[in-house]
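Step one of this worksheet: look at the structure below.
FYI, it's all coordinate maths here, none of it is from the lab. Please read all numbers here as calculations on a predicted model, not as lab measurements. Virtual Cβ from ideal backbone geometry, glycine too; neighbours counted across all protein chains shown.
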Amino acid sequence: MCWIYSYGSISRVYRSSPDLKVIVLDDIVLRTSNLHYTYPDGTRALNGIDFEARRCNKTAIIGPNGSGKSTLFLHFNGLYRPTAGAVYVNGAEITDKNIDTIRRTVGLVFQDPDDQLFAPTVRDDVAFGPANMGLSRSEIETRVEDVLTMLGISDLRDRNVDNLSGGQKKTVAIAGVLAMEPDIIVLDEPTSGLDPESAAEIVEITEELTAAGKSIIISTHDVDLALSWADEIYVLKSGTVYRSGTPREIFGDKKLIDETKLRFPTVTKTFIEFKNRKILDCTGCTMPRDVLDLVDGFDKNEHVHGRIDVIRVVRGAIDMAAICSAVRNRDFDRIGAMGTLSKAVAVELGITCDYSTDVIQSAISAAVRGLNVLVLASGGMADLVLSRVSERNTRDGQQIECEIIL
């Protein structure tokens, strides 16, 4: 089951009301079966990979250099063909006959955006994929404007791609893939080489895309990101799946970490140290996925909880007067904005946001301290706020009120 939301033409196949639950009968969108690949020089890169990615899920693939992550990714949309085994997209095996459909369904963003960007301007680069699909000029223009607006880079439209920053190039590369309206988006090391702010913006884009009904697969060396971001993690070693599981299962296994030459995330290392020094009473507690989880583990104080009010900002149906009235009349101590559309609306209304990254965690942290928070959230991200607050209330016995007020 997942929440679905449409950004104009970007997710037409999923077009529905934001409050409609869609039940998915077969939620495996991408699967490999006993996948092997040997390079022409005889190097065996993949040795029997069995992998599954689920609809509306965020899947991270981690492992040391040379474990086969990038090679595996190149199989997901048919750029590489297996030496043995098979790759299935929405139940159909990738073949020469359906390769065009597969590449419209699975969008691949390379680790180095310079390997993907080649047109003279951002607009031309984003338009390249739709143009090759044989779309009309008006449809191409619509798709280009949709993704540029969605990702908050309309001002880069006429810029030369060579003159962009690393974060801007990554975002444009994602835009070029989104313009082809894929259901599955695969990103190879999406935050590699970026400064913290740019990396946070890329991560937020993946959250926004998941809320819009996309399935996201990333490879990463950033174990902190894998722990806090992923729904499921696959650990690769020497071209095989060493293990798969939830973030807590993966990073709760010291033997796995040692044998794959990975490292514990910072929060996990802190948790283990607190536990070993008996600073933290771990009776019945679970391994934290972020700093807020960690603090909740040893915070035994009674709190007067604040509340979190959410305003859903939907493209094409933005009632600025209603948002202004809600912001003016609600009693709140902090305000945050999630998603490029919400941030643009905040700027247009002259609203100064306290939180623009890690918004949900920041809002919950403030509410635990008794503060009231207002969150502007683009489309389906509003439901994500409610879901995360509900999960934390259930797990930690907190009583944070959270509702969509507009």
field: Straight-distance crosslink candidates among lysines, where the alpha carbon sits under 18 Å from Lys278 and sequence neighbours closer than 8 are dropped
entry: Lys269, Lys300
field: Shape metrics for the range 138-213, restricted to C-alpha atoms - Rg then Dmax, Å
entry: 12.2, 37
- prompt: Among Tyr88, Tyr39, Tyr242, whose mean-square fluctuation peaks in a Gaussian network model of the chain (Cα, cutoff 10 Å)?
  reply: Tyr39
message: Using a Förster radius of 35 Å, what is the FRET efficiency between Asp231 and Asp158 based on their Cβ-Cβ separation? Nearest 0.05, please.
response: 0.40
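Among DSSP beta bridges whose residues both lie in the chain, state the antiparallel percentage, nearest 5.
Working: 22 of 55 bridges.
Within the chain, antiparallel bridges account for around 40 percent of the total.
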Virtual spin-label span in nm between Asp27 and Arg248, 7 Å along Cα→Cβ: 1.7 nm
query: For the chain, modelled as a GNM with alpha-carbon contacts under 10 angstrom, which of Val368, Val347, Val177 fluctuates the most?
result: Val347
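Please arrange Asp383, Asp100 by counting, for each residue, the other beta carbons lying within 10 Å of its beta carbon, fewest first. Could the numbers behind the result be given before it?
Working: Asp383 21, Asp100 12.
With the fewest neighbours first, Asp383, Asp100 line up as Asp100, Asp383.
Sort Thr220, Thr38, Thr43 so that the residue with the fewest other Cβ atoms within 10 Å of its own Cβ comes first and the one with the most comes last.
Working: Thr220 22, Thr38 15, Thr43 11.
So the residues, fewest neighbours to most, are Thr43, Thr38, Thr220.
List Asp112, Asp162 from most exposed to least, where exposure is judged by having the fewest other Cβ atoms within 10 Å.
On the way: Asp112 15, Asp162 10.
Ranking Asp112, Asp162 by Cβ neighbours within 10 Å, fewest first, gives Asp162, Asp112.
Normalising by the residue count of the chain, find the relative contact order in percent from Cα pairs under 8 Å and 6+ residues apart. The partial results should precede the final answer.
Values: 770 pairs, mean separation 70.0, N = 406.
Across the chain, relative contact order equals 17 percent.
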- prompt: Roughly how many whole Å is it from the C-alpha centroid of the range 325-394 to that of the range 137-160?
  reply: 27 Å
- line: Lys255 and Ile404 label points (each 7 Å along its Cα→Cβ direction) are spaced in nm at 4.5 nm
task: At q = 0.09, 0.10, 0.11 Å⁻¹, work out log10 I(q)/I(0) for the chain with the Debye formula, treating every Cα as an identical point scatterer and leaving solvent out; two decimals please.
output: -0.57, -0.71, -0.86
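Please state the shape class of the range 301-406: rounded when a/c is under 1.5, otherwise prolate if a/b exceeds b/c and oblate if not, all from the C-alpha gyration tensor.
It is prolate, given that a/c is not under 1.5 and a/b is the larger ratio.
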